[in-house]
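Novice: Here it is, the structure in full.
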Amino acid sequence: MEYRELGQTNLKVSQITLGTMTWGEQNNEPEAHAQIDMALEYGVNLIDVAEMYPVPPRPETQGSTEQYLGSWLKKSGKRDQVMIATKATGPARKPHNPRHIRGGINNFDRKGLTEALNGSLERLQTDYVDLYQLHWPDRSVNCFGTLNYAHISDEDTVPIEETLTILADFIRAGKVRHIGVSNETPWGIAQFIRAAEKFDLPRIVTVQNPYSLLNRTFEIGHSEFSYREQIGLLAYSPLAFGVLSGKYLEGARPAGGRLSLFERFTRYTNPQVDRVAGDYIALAKKHAIDPAQMALAFVTSRGFVTSNIIGATTLPQLQSNLDSINLTLSDEILAEIEAIHTRQPNPAP
């Protein structure tokens, strides 16, 4: 396992992060614990959870993911062997945003963030988190597959410098070590940097955004920040909800698959995705490599990626995904990936 610097900190995190958004919906507590044990055996030292998880978000299961990690921490006594990243739910501005968490207001003001962090710490059964992230911005932006940015000039939002001030207090109190953002835009990243410099506040160290062979939009406006400002990408959905494994080819809907179980995830179900995913899977098979491992190895190999967040519902899936660290893509394969990307870039933004 390779380890990479977490922003401008003295921490090093594994190139693979264990993702958890199925815990409490598709995975029960013993299965979650078994996934953690396997990930640690491979050298994974970062686990990413969220106040909102599991996904899809429901009142009946909200918080289960953090609870499962918390019970593992209590049982194992290995808090010092893992770094925990969690996320505060943002305001419910869009129809798909959950409205059952903390009353559905969820602005990044002092009341909202304090309730969110304390709730997470209680469920996690720990005194601190290593990375505290804002799950999505406290303003309307293009994220979760939304296109065509519509500006709302009079939108009521919490200023970024106010949010950073609150997060700084969490750090001073010892409840948070470092902070990051998620589903953030280039403009937003720039504003967080500017506010930190202007008001002598903590810098964000990561941005957790989608990145995969089917969605390389991060490269366009975000990646330069990763290189120049040491704000690394925590890449989520690197397999596009399993589409890049090949299990959904030609309209297949295998039992237990996320796209089989939940109709709400339309981001990865369009004709362009089906066609391009088929091209990537054919490329992997041409070179006798596992399609999912090829997709993961590509993401992990990017210089702006701090860690690649992988998830699975079974231990064999998880083991296969973890084994992607042993795959190095040849120049020939990378050139063929670029050719496919050029023909049809970003079919699932």
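Just so it is clear, none of the values below were taken in a lab; they were calculated from the coordinates. What you see is a predicted model; the values in this text were computed from it and never measured. We place every Cβ from the backbone using ideal geometry, glycine too, and count neighbours over all the protein chains shown.
Novice: How would the chain be classified by its alpha-carbon gyration tensor: rounded, prolate or oblate, with rounded meaning a/c under 1.5 and the a/b versus b/c comparison settling the rest?
Specialist: Note, shape of the chain comes out rounded.
Novice: Counting other Cβ atoms within 10 Å, keep those with at most 14, restrict to DSSP loop, and tell me which trypsin sites (Lys or Arg not before Pro) in region 51-90 are left.
Specialist: Counting only loop positions with at most 14 other Cβ atoms within 10 Å, the trypsin sites (Lys or Arg not before Pro) in region 51-90 are LYS78.
Novice: Give the residue list of GluC sites (Glu not before Pro) in region 258-349 that are DSSP loop and have at most 13 other beta-carbon atoms within 10 angstrom.
Specialist: Those that pass, being in a loop and sparsely packed, are GLU263.
Novice: Testing the spin-label approximation: label points 7 Å from Cα along Cα→Cβ at HIS287 and ARG58. State their distance in nm.
Specialist: 4.0 nm
Novice: In whole Hz and in residue order, list the ³J(HN,Hα) couplings for region 166-177 that follow from phi through the Karplus curve 6.51 cos²θ - 1.76 cosθ + 1.60, θ = phi - 60°; x for Gly and Pro.
Specialist: 5, 5, 4, 5, 4, 5, 4, 7, x, 8, 9, 8
Novice: Do any of LYS12/LYS87; LYS94/LYS198; LYS75/LYS111; LYS78/LYS175; LYS74/LYS111 go past 24 Å between their Cα atoms, and which?
Specialist: Distance filter (> 24 Å) returns LYS94/LYS198; LYS75/LYS111; LYS74/LYS111.
Novice: Starting with the fewest neighbours, write out ASP138, ASP290 ranked by other beta-carbon atoms found within 10 Å of each beta-carbon.
Specialist: ASP290, ASP138
Novice: Quick one: Cα centre-to-centre distance for region 2-66 and region 159-216, in angstrom?
Specialist: Spelled out, the Cα-based centre of one part sits 20 Å from the other.
Novice: Quick one: which residues, 5 or more positions from ILE16 or on another chain, have an amide H under 5 Å from its amide H? H modelled 1.01 Å from N in the peptide plane, none for Pro or chain starts.
Specialist: Those qualifying (amide H under 5 Å, at least 5 residues apart or on another chain) are ASN308.
Novice: Oh, and also: Assuming R0 = 30 Å, can you tell me the calculated FRET efficiency for the pair LEU315 and THR217, based on Cβ-Cβ distance, to the nearest 0.05?
Specialist: Step by step, r from the Cβ atoms, then E = 0.40.
Novice: Can you run phi through the Karplus equation (6.51, -1.76, 1.60; θ = phi - 60°) for region 342-347 and list ³J(HN,Hα) in whole Hz, with x for Gly and Pro?
Specialist: 5, 5, 8, x, 6, x
Novice: Ok, one more. Which FRET efficiency value, to the nearest 0.05, is calculated for ASP156 and GLN344 with the Förster distance at 35 angstrom and r the Cβ-Cβ distance?
Specialist: 0.35
Novice: Could you check the simple spin-label distance between LYS75 and GLN125, using points 7 Å along Cα→Cβ, in nm with one decimal?
Specialist: Reported label-point gap for LYS75 and GLN125 is 0.9 nm.
Novice: What list of ³J(HN,Hα) couplings, whole Hz, do you get for region 102-107 from phi and the Karplus terms 6.51, -1.76, 1.60, once you set θ to phi - 60° and write x for glycine and proline?
Specialist: Rounded to whole hertz, the list is 6, x, x, 7, 6, 5.
Novice: Evaluate the relative contact order of the chain (contact order divided by residue number), counting alpha-carbon pairs under 8 angstrom at least 6 apart; express in whole percent.
Specialist: 18 percent
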